[in-house]
Amino acid sequence: MDSKKTALVLIEYQNDFVKEGGAQHAAVKGVMEESAMLPNSLHLVEQARSRGVSIMLAPISFAEGYPEVPAEPYGILAGVVSSQAFRKGTWGAEIIEELQPQESDIVIEGKRGLDCFASTNLDFILRARGVENVALAGFLTNCCVESTMRSAYERGFNVITLTDCTATLSEEEQRLATTKTFPMFSRPMTHQEFLAGLDS
């Protein structure tokens, strides 16, 4: 893969997921620890950035009161509302300190739902930069990562899902997503396999 034609999209590396005290941290902590998801992600970003891969961060946030969400939310969004997660302007919605955007990074604005493409200009940015390969990491494996993976696949990108840089609510869900669903719409690989394949 040509590093210059590759983007790494980091989905929801925010305090509410990643840090102790975050509204959703307890739900993902087990899977994160099992796969060393955060250390793997930080190593991935450092190495990918040094090789010229475009680093794109895609946080999610909602206005106070969640006006962007249906009045009677269900499913994953109901959990977000009930836990008061990802409220704009709060500590929980902030990108984690370890991944604060550097000058060359791009923050994708406007994510309000699951698919990173749906309410943002991600597609425009990728095409404007000549990106052909889109690698995905972050939360939740079988939710936002999967939704974004499917959209990227439909749009004709070469999609890579980084199995040891994603986390969800249980080991069973993680295993099923990465071994059953991911291969249908992406090329699943570890972050080390991805790095080894750059410019090869």
10 Å beta-carbon shell around residue 15, net charge (K/R +1, D/E -1): -3
Using a probe of 1.4 angstrom, how much of the accessible area of the chain is carbon and sulfur, in percent? 50 percent
With θ set to phi - 60°, apply the Karplus curve 6.51 cos²θ - 1.76 cosθ + 1.60 along region 38-46 and write out the HN-Hα couplings as whole Hz, x wherever there is a Gly or Pro. 5, x, 4, 5, 5, 5, 4, 5, 4
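Could you work out the helix-only [θ] at 222 nm for the chain, with each DSSP H run of four or more residues adding -39,500 (n - 2.57) and the total divided by the number of residues, to the nearest 500 deg cm²/dmol? Before the final figure, lay out each step's value.
Values: 9 runs with 70 residues, N = 200.
It comes out at -9500 deg cm²/dmol, rounded to the nearest 500.
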Give me the accessible area per residue for the chain, probe 1.4 Å, as a whole number in Å². 45 Å²
Listed highest first by mean packing, meaning other Cβ atoms within 10 Å per residue, what order do 85-92, 165-172, 104-111 come in? 165-172, 85-92, 104-111
Starting from the Cα of residue 5, draw a straight line to each of the aspartates and glutamates and keep only those under 19 Å, dropping any in the same chain fewer than 8 residues away. 46, 103, 105, 123, 132, 154, 193, 199
Proximal lysines relative to residue 88, as straight alpha-carbon distance under 20 Å, when same-chain residues fewer than 8 apart are discounted: 19, 111
Neighbourhood charge, 14 Å Cβ-Cβ cut-off, centred on residue 144 and excluding it, Lys, Arg +1 and Asp, Glu -1: -2
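Among the DSSP beta bridges whose two residues both lie in the chain, what percent are antiparallel, rounded to the nearest 5?
Around 5 percent antiparallel, to the nearest 5.
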Once both axes come from the Cα atoms, what is the angle between helix 25-35 and the longest principal axis of the chain, in degrees from 0 to 90, rounded to 10? 30 degrees
Cα centroid separation, region 1-64 to region 108-166 (Å): 13 Å
The base-10 log of I(q)/I(0) that the Debye equation returns for region 1-109 at q = 0.13, 0.16, 0.20, 0.22 Å⁻¹, one scatterer per C-alpha, is -0.54, -0.78, -1.08, -1.20
Looking at region 125-200, which trypsin sites (Lys or Arg not before Pro) are DSSP coil and have at most 15 other C-beta atoms within 10 Å of their C-beta? 129, 155
Counting just the Cα atoms, what span does the chain cover along each of its three principal axes? Round to the nearest Å and put the largest first. 47, 34, 31
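What is the packing order of peptides 64-71, 137-144, taking the mean over residues of other C-beta atoms within 10 Å and listing the highest first? Intermediate results must be reported in sequence, preceding the final value.
Numbers: 64-71: 11.1, 137-144: 24.6.
Ranking the peptides 64-71, 137-144 by packing returns 137-144, 64-71.
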For residue 180, which lysines qualify as cross-link partners when the Cα separation must be under 25 Å and same-chain residues fewer than eight apart are set aside? 29
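The values are calculated or read from the model by the stated rules, or taken from the named source; none is laboratory data. Being a predicted model, the structure only gives us computed values, none of them experimental. As a convention, Cβ positions derive from the backbone with ideal geometry for all residues, glycine included, and neighbour counts pool all protein chains shown. With ligands, DNA and RNA removed, areas are computed over all heavy atoms of the protein, side chains included. Shrake-Rupley method; radii C 1.70, N 1.55, O 1.52, S 1.80 Å.
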